[in-house]
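What follows is a structure written as structure tokens; I'll ask about it next.
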Amino acid sequence: MLVGDAWSKAKTDGRLEEPKPLGQRPKGRLSIGPRIWSGRSVLAWGNGPGAIPIPRPRPSQPEAAIVLCVDEKSQIRALDRTAPILPIRPGIPEKQTHDYVRRGTTTLFAPLEVATGKVTDACYLRHRNEEFLPFLKQVAKAYPHRQLHIVVDNYATPKHDNVTAWLGKNKRITLHFTPTSGSWLNMVEIFFGIITRQAIRRGTFTSVKDLISAIETFIDGWNEQCEPFVWTKPADDIVKKATQGHTTSIARH
């Protein structure tokens, strides 16, 4: 813990920042987001503080295309605490009861627009292909007449026959799968971590409807000031590290 002169010096050096309003991210970590595309993964460069300079386009880079990172955050619990949360006070941390009433769950489907950081949302009871396909159609309507490159996790739902058949009729939409055990490459996971910490984990929700309302309110506020994320390491280095010593991915169960 920093106190006295150490605190003042750290704040002057820029190592400490004032608390940010709900949904606002620290400055100096965001910039123009990744737009370059390769056959296996998103290549993320930017031009902000600490970002990798944007190189010349590669032959496989889509022209005037939209890149989206899509995933779902499943089993978000609407927890109703048995007593109100006690706010933080001088010398006393925030307190909440250990027991709660579970009012239900919801699943948040969200696409993050890589170039802008904008997020749209849709909440469903479950996360099967029956929910994923309508959500995918909703995303397609939000970006009419544009080529869409969508990054998704490498699991069964996006590969279902119903989804594959629909994609066959909508050639402008292409799915790109993260490597096995590589869901961290999907940038929307960063947003899921932020909304969990700032809007869900400490929340008290009397119903699933109340939980969904809190999620929608947070995302509305996020989009008012959204900026794109940017990798701080070249994509070629990331791919090399992730695939080092692995020619194939074999999942054993």
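Confirm whether PHE109 is part of a helix (DSSP H, G or I), touching a helix residue (DSSP H, G or I) at 6+ places or on another chain (Cβ under 9 Å) and surrounded by 17 or more Cβ atoms within 10 Å (Cβ to Cβ). Steps first, answer last, please.
Values: part of a helix (DSSP H, G or I): no; touching a helix residue (DSSP H, G or I) at 6+ places or on another chain (Cβ under 9 Å): yes; surrounded by 17 or more Cβ atoms within 10 Å (Cβ to Cβ): yes.
So PHE109 fails the test.
Which of (1) out of contact with any helix residue (DSSP H, G or I) (no Cβ under 7 Å at 6 or more places or on another chain); (2) hydroxyl-bearing (Ser, Thr, Tyr); (3) more than 14 Å from THR107 (Cα to Cα) does SER183 not meet, given it meets every other one?
Of the numbered conditions (1) out of contact with any helix residue (DSSP H, G or I) (no Cβ under 7 Å at 6 or more places or on another chain); (2) hydroxyl-bearing (Ser, Thr, Tyr); (3) more than 14 Å from THR107 (Cα to Cα), the odd one out for SER183 is (1).
Which residue, of PHE192, PHE205, is within 30 Å of ILE85 (Cβ to Cβ) and in contact with a Lys or Arg (Cβ under 6 Å, 6 or more places away or on another chain)? Walk me through how you get there before you give the answer.
Details: PHE205 fails: in contact with a Lys or Arg (Cβ under 6 Å, 6 or more places away or on another chain).
PHE192 is the lone residue from the list that is within 30 Å of ILE85 (Cβ to Cβ) and in contact with a Lys or Arg (Cβ under 6 Å, 6 or more places away or on another chain).
Results for (1) free of Cβ contacts under 8 Å to residues at least 60 places away in the same chain; (2) within 28 Å of ARG77 (Cβ to Cβ); (3) not in a helix (DSSP H, G or I), shown as yes or no for each residue.
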| residue | (1), (2), (3) |
| --- | --- |
| ALA140 | yes, no, no |
| ILE150 | no, yes, yes |
| TYR155 | yes, yes, yes |
| LEU167 | yes, no, no |
| THR180 | no, yes, yes |
| THR206 | no, yes, yes |
| LEU211 | no, yes, no |
| ASP236 | no, no, no |
| VAL239 | no, no, no |
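Which of the residues spanning the stretch 78-94 are among the hydrophobic types (A, V, I, L, M, F, W, C) and outside any loop (DSSP other than H, G, I, E, B)?
Our first condition is that a residue be among the hydrophobic types (A, V, I, L, M, F, W, C); within the stretch 78-94, this holds for 78-79, 83, 85-86, 88, 92.
Within the stretch 78-94, ALA78, LEU79, LEU86, ILE92 meet the criteria.
Would you check which residues across the stretch 204-248 are within 28 Å of PRO179 (Cα to Cα), modelled with pLDDT of 85 or more and among the aromatic types (Phe, Trp, Tyr) and list them?
PHE229
Among (1) out of contact with any Ser or Thr (no Cβ under 6 Å at 6 or more places or on another chain); (2) over 22 Å from LEU68 (Cβ atoms), there is one condition GLY182 misses while meeting the rest; what is its number?
Against the list (1) out of contact with any Ser or Thr (no Cβ under 6 Å at 6 or more places or on another chain); (2) over 22 Å from LEU68 (Cβ atoms), GLY182 comes up short only on (2).
Also: Just to verify a result, which residue in the stretch 95-114, among those that are closer than 19 Å to VAL208 by Cβ and hydroxyl-bearing (Ser, Thr, Tyr), is nearest to the chain's Cα centre (by Cα)?
THR107
The values are calculated or read from the model by the stated rules, or taken from the named source; none is laboratory data. Fair warning: this is a prediction, and the values are worked out from it, not measured in the lab. Cβ: placed from backbone, ideal geometry, glycine included. Neighbour counts: every protein chain shown.
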